[in-house]
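Contents: one structure, followed by commentary.
Throughout, read-outs are computed from the coordinates displayed, never taken from laboratory work. For clarity, every value in this text was computed on a predicted model and none was experimentally measured. A quick note on method: Cβ atoms are made from the backbone with ideal geometry, for glycine too, and the neighbour counts reach across all protein chains shown.
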Amino acid sequence: MINYLANPNRFLNFMKPIEFSIGVFTFLFIFIGLYLSLFNSPEDYQQGDTVRIMYIHVPFAWFASFLYFSISIASIFFLIWKHPFADIIARSIAPLGLIFSILTILTGSLWGKPMWGTWWVWDARLTSMLILCIFYFAYIGISNAFPRKIDGSKPAAILAIVGMVNLPIIKFSVDWWNTLHQPASIIRFDGPSINQEMLLPLVIMLLGFLFMSIFIILINIKTNLIYKKYQSEILKLG
Amino acid sequence: MKINFKNILIALIEKEFKSYLRSINNFMNMIVFMIAIIILFPLTVGPSEEKLTLVSNAIVWIALIVSIIPTLDKIYISDFKNGWLEQYYYSPLLLEIIILIKCFVFWFFLIIPLTIFIPIFSILLNIPFLIIFWNIIIFAIGSLGFCLIGSICSSLTLGTKSNNLISPLLILPLAIPIFIFGNGVVEAVKSNYDPLPNLYLLITVCLILLIISPLISAYSIKIALTK
């Protein structure tokens, strides 16, 4: 299956019929999720209406780290099997991940101002998220820093793998250190501690974000493939 | 053919040392930069004693780190341009070992001499003697880790258009554990706790880097050479 789809043309042909439905799912899930989270979910007994920031903050944060993880996996594939398509996938994911990590920090600080009384604290969770953001910047910077764009892909892949150290730190920072950020409430050994009525809109939003990131990454992959074809045409013309 | 590794090692160290001696300008630049920062801080924070004692240790650290970073990403660049790296690549010694030696020489001849300035600056900023002592130890250990991180970053950015912009972005996130544990030692000393646990963690980070960094640097130098 992976071998079959590793060819860019076959991948695009395979994705063409699915792409539209992914777009439809994106809008559907995000609209339902937004409706449920804004109008049809309970207020928090402490936080009141501000708790509704959670329904976008958590998906942004999860997908910021998950997309970094997928960049690293694609980079490992690229470094071991030297398949150029893995590099294109990694490059296509990076800008989206950068935007997600910036938005995580922004929504988090908007949530933090009314709840904690500050926009920002140098807390383990927040700092590690900022470092993730810097890693995204560094990844994009180094992958475009070379005169020939292809030369940047291997150093960028190495950087992506080195930066994977940060992911467990983000995940466990709330358990290892005493932080202002609340501890994990969804992925736990003893099941989610979050209220059922709050969990449903959150899960729908997470699904919506999943479809949205796949949709945007597909567009990015297409753009990068077209750019690559254009470059090879230029080389042919000499 | 029998290869005399000892001679190669000595020749390598001698060559590195001479190249640093000839580019003494870099070293002078670092010192001037450090002095500039040390003078600027009391002028901008305000000369009052209470404010300065809160940040004085941080000032020394920032001066050291900021002055090191511009030289840190140039460990391999001149060797890369002269073709030395290719010779290293084809030499009988492993590239990893050569990198390790280069890092050690860089650390020993360029960074360790900076420790002389720690007591001078610390006295200027009224830091107590016990903390000066610990600062020197932390700096000596932490800067080795710093050099190893610099080796990763400078090998990754070999052959870029301009590596000035990316290198701090690469160095800072990787170097954060060193800052955290180094600061932990000083905080522990200040509040009369045992500083050793944090010091051990700092040494652990440096030892891990000592293993990982030559491998990654060698791999990325090989990539840079095959472009």
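Couple of notes before you dig in:
- Lys/Arg +1, Asp/Glu -1 at C-beta; chain A dipole; positive extreme among A:Thr179, A:Ile150, A:Thr26: A:Ile150
- Shape of region B:157-227, Cα gyration tensor, a/c cut at 1.5: oblate
- Projecting the Cα atoms of A:Ala86, A:Asn224, A:Leu202 onto the charge dipole of region A:84-238 (Cβ charges, centred on the Cα centre) puts A:Asn224 farthest toward the positive pole.
- The simple Förster model, with R0 at 41 Å and r as the Cβ-Cβ distance, assigns B:Leu165 and B:Ile10 a FRET efficiency of 0.60.
- Whole-number Å³ per residue for the convex hull built on Cα positions in region B:67-111: 67 Å³
- Taking chain B as a Gaussian network of alpha-carbon nodes connected by springs under 10 Å, the highest mean-square fluctuation of the residues B:Asn25, B:Asn183, B:Asn57 belongs to B:Asn25.
- Cα gyration tensor of region B:5-225 - equivalent ellipsoid semi-axes, whole Å, descending: 33, 19, 16
- Dimensions of region B:1-65 from C-alpha coordinates, computed as largest minus smallest value along each principal axis and given longest first, are 68, 22, 11 Å.
- Across the cross-link table entries A:Lys16/A:Lys236; A:Lys154/B:Lys102; A:Lys16/A:Lys154; A:Lys16/A:Lys171; A:Lys229/B:Lys102, which are compared at the Cα atoms, the separations over 32 Å belong to A:Lys16/A:Lys171; A:Lys229/B:Lys102.
- Computed over region A:131-238, Cα set: Rg, Dmax in Å: 20.0, 63
- Helix axis angle, A:124-143 relative to chain A longest principal axis, alpha carbon, degrees: 10 degrees
- Dipole magnitude of region A:1-88, debye to nearest 20 (Cβ charges: Lys/Arg +1, Asp/Glu -1, about Cα centre): 460 debye
- Dividing the Cα radius of gyration of region A:53-199 by its Kirkwood radius returns 1.03 for Rg/Rh.
- Unit charges on C-beta of K, R, D, E only; dipole of chain A, Debye: 1120 debye
- Counting 0.36 nm for each residue step from A:Asn13 to A:Ile99 and taking away their Cα separation leaves a gain of 28.1 nm.
- Calculated mean residue ellipticity at 222 nm for chain A: -26500 deg cm²/dmol, from DSSP H runs with n ≥ 4 weighted as -39500 (n - 2.57), summed, divided by the residue count and rounded to 500.
- Taking the C-alpha atoms only, the angle from helix A:54-81 to the longest principal axis of chain A is near 30 degrees.
- Per residue of chain B, the DSSP helices (runs of n ≥ 4 H) give a summed -39500 (n - 2.57) that works out to -27000 deg cm²/dmol at 222 nm.
- Chain B: DSSP helices with Cα axial extent of at least 27 Å and average Kyte-Doolittle hydropathy no lower than -0.5: B:24-45, B:49-72, B:129-156, B:166-190, B:196-225
- Cα gyration tensor shape for the protein assembly as shown, rounded if a/c is under 1.5, else prolate or oblate: oblate
- Whole-number percent relative contact order across region B:1-134, with pairs defined as alpha carbons under 8 Å at least 6 apart: 35 percent
- Here the relative contact order of region A:1-156, from alpha carbon pairs under 8 Å that lie six or more residues apart, stands at 18 percent.
- For region B:5-225: relative contact order, % (alpha-carbon pairs under 8 angstrom, 6 or more apart): 24 percent
- Hydrodynamic radius of region B:76-158 by the Kirkwood approach over all distinct alpha-carbon pairs: 14.6 Å.
- Bridging of B:Lys190 to lysines at a Cα separation below 17 Å is possible for B:Lys51, once same-chain residues fewer than 8 apart are set aside.
- Rounded FRET efficiency, nearest 0.05, which uses the C-beta distance separating B:Ile176 from B:Glu96 and R0 of 22 Å: 0.30
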